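The following block contains the structure, expressed as structure tokens.
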């Protein structure tokens, strides 16, 4: 995922355009289910600054973190369908549909999908002395020694957690989860050899891979990443495997068609901006826009995909 390292500079760069647009009418609020300076916040502030110019409207980012993004999503779901309150959400939007048993909103019915904004792959890393150097070797080792190997989780219910569960489900592997409160302590224990493996963002893992302190066995995208050209997709060893984090823009249900059309056009123009694309490329991420219809279809299918993984894994929210 995009990390706080890039977020700090992007945060400050984005604030100036957001505050300098002298626009008409009520400002648009982009509600973010994460604290300032984090992944989703970085995407929201960059997109918001560009949408402000395209729409000639003030755009304000409002952070409402908590419950894996559910607090922000619930707020937007219950807002007026006038296009003035929007949600910049992430993969947990799909995961939470099955991870949480009693959501105060319906992720399929209570939102208007507007546009995809970005997709972000991750990498599977193992301790440097792990007894396998590729995915075929890992699968062989895990099947020969069920329950022996461990996987660090930076957060229960995250896209990285679900990537691990999907891999285990699709390959029939028995690997023990070790939950942590954050990526930093998780990756520290993999580096120290206390845990065998984890899924991580390229930003967090790349320095350790280049230093030879972690081995990268596979990426979650369907093709190799530019920063890891020699690391094959996990899907080459586990047919059909792919697991990318994503970010997207939603409004409350029943946005007027004309409003939806304007917001989609502004979002797609923002995603196409070269500086936004360069920001994402630093993290091996990809700026991706979509039609509202395509985003709705994607989210519907994504909810179903994660429902199966959550059920098989028995995952529960922290």
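The values are calculated or read from the model by the stated rules, or taken from the named source; none is laboratory data. From a predicted model like this one, the values you see are computed outputs, not experimental measurements. All Cβ positions, glycine included, derive from the backbone under ideal geometry; neighbour counts span all protein chains shown.
So if I check each of 162, 170, which one is surrounded by fewer than 22 Cβ atoms within 10 Å (Cβ to Cβ) and either touching a residue at least 60 places away in the same chain (Cβ under 8 Å) or on the phi > 0 side of the Ramachandran plot (or both)?
None of the other options fit; the residue is 170.
Touching a helix residue (DSSP H, G or I) at 6+ places or on another chain (Cβ under 9 Å) and part of a loop (DSSP other than H, G, I, E, B) - does that describe any residue in region 89-100?
Within region 89-100, one or more residues are touching a helix residue (DSSP H, G or I) at 6+ places or on another chain (Cβ under 9 Å) and part of a loop (DSSP other than H, G, I, E, B).
Determine whether residue 183 is crowded, with 20+ Cβ neighbours inside 10 Å and under 20 Å from residue 315 (Cα atoms).
Spelling it out, residue 183 is indeed crowded, with 20+ Cβ neighbours inside 10 Å and under 20 Å from residue 315 (Cα atoms).
Additional query: Just to be sure I understand, how many residues within region 202-260 are in the same structural domain as residue 46 (by TED's automatic domain parsing) and over 24 Å from residue 305 (Cβ atoms)?
So the count comes out to 8.
Another question, if that's okay. How many residues, within region 276-298, are touching a helix residue (DSSP H, G or I) at 6+ places or on another chain (Cβ under 7 Å), closer than 20 Å to residue 122 by Cβ and part of a helix (DSSP H, G or I)?
The number of residues fulfilling the criteria is 1.
Just for region 234-262: of the residues that are within 18 Å of the chain's Cα centre (by Cα) and part of a strand (DSSP E or B), which one is farthest from residue 191 (Cα to Cα)?
250
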